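Read-outs: derived from the displayed coordinates by stated rules, not from any lab. Just so it is clear, the model here is predicted, and its values are computed rather than measured. Neighbour counts run over all protein chains shown; Cβ positions are idealised from the backbone, glycine included.
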Amino acid sequence: MKIISVVSAKGGVGKTTISANLCVALRRQGSTVIALDLDPQNSLRLHFGIAPSHHAGVALSLLSGSNWAKAMVQGSAGCAVLPFGHISESERINFESVLTKDPLLLSQQLSSLGLPEDAIVIIDTPPGPSAYLKQALSVANIAIVVTLADAASYATIPMIDSLIEEYCLTRADFIDYLYVINQLNRARQLSSDVADIMALQFSNKYISIIHQDQSIPEALACNQDAIAYGPESRGAHDLIDFAMQIKTILEDRYDPPKNGKLS
């Protein structure tokens, strides 16, 4: 089981959209994919055709003592989904308290699912520091930092970098982290300049670009993933390329070459 945590320092960067469409793109490449929503907004499910009236999820399952496997539902595009679920404010506080007290909770819950070895779990998280983010980073093999090419997003990068350094970089099972610049519009000078600055500053890191493409938000409105909705669009091609990059990183780490040694 490989775990990819999708994180951001600020809201509104398209993190959930990236998480959902990365799930779809990896599933199209043949991977077994589980989408896990650790964001109380509970919106990841909407990208997989799960009805807004569906209230079950991982939060209530944990609080009621049920195994997370019972909260798993089949979403569109062949992806399994673990929604956050609909809970009350008091239940949310209790859930966060449990997450804070037990740093191994997420690891144990994922292990209990009995997923196949080739499974990829993609975790969507709320923006900024939280008990959810700490849990997600503590189990991640890869961390994906989603940002916009604007001044506000750029200013928050050191914070998320420090959290990755604290919870990821000291672990032997952690592979790497990379940046995704989302909704890039090269026609806007500031956006283009910030993207170039980021590419220069993080030249030693993987940086993926998802260009601004109206077909991506339109896909959600039409209850489809972006790749199925606009397969020839620039956004769809960006998402497919991004998934291929992730797959390559995982294969380079885990697939033994002919000499039997891990790369």
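Tell me, in nm to one decimal, what length is gained between ILE93 and ASN67 on full extension, where the rule is 0.36 nm per residue of separation less the Cα-Cα distance?
Gain in length upon complete extension: 7.4 nm.
How large is the charge dipole for region 107-240, taken about the Cα centre, if only the Cβ atoms of Lys, Arg (+1) and Asp, Glu (-1) carry charge, to the nearest 20 debye?
In total the dipole reaches around 220 debye.
Per DSSP helix of 4 or more residues, -39500 (n - 2.57); summed, then divided by the residues of the chain. What does that give at 222 nm, rounded to the nearest 500?
After summing the helix terms and dividing by residue count, I get -13000 deg cm²/dmol.
Would you tally the net charge around ALA59, using a Cβ to Cβ cut-off of less than 11 Å, leaving ALA59 out, and scoring K and R as +1, D and E as -1?
Around ALA59, the charge tally is -3.
Positive end of the charge dipole of the chain (Lys, Arg +1 and Asp, Glu -1 on Cβ, about the Cα centre): tell me which of LEU200, PRO83, ALA187 has its Cα farthest that way.
PRO83
Can you give the net charge of the other residues whose Cβ lies under 10 Å from the Cβ of SER215, counting K and R as +1 and D and E as -1?
The answer is -2.
Taking square-rooted eigenvalues a ≥ b ≥ c of the alpha carbon gyration tensor, is region 165-237 rounded, prolate or oblate, where a/c under 1.5 means rounded and, failing that, a/b exceeding b/c means prolate?
It comes out oblate by the Cα gyration axes.
Label SER192 and CYS222 with points 7 Å out from Cα along Cα→Cβ: what is the distance between them in nm?
It works out to 3.0 nm between the two label points.
Can you bin every Cα-Cα distance in the chain into 5 Å intervals starting at zero and give me the percent of pairs per bin, rounded to whole numbers?
Calculated P(r), rounded to whole percents: 1, 6, 13, 18, 20, 17, 13, 8, 3, 1, 0, 0.
Report the Cα centroid-to-centroid distance between region 122-163 and region 14-78 in angstrom, as an integer.
Using only Cα atoms, the two centres lie 19 Å from each other.
Local charge sum around LEU38 (other residues, Cβ-Cβ under 11 Å, Lys/Arg +1, Asp/Glu -1)?
-3
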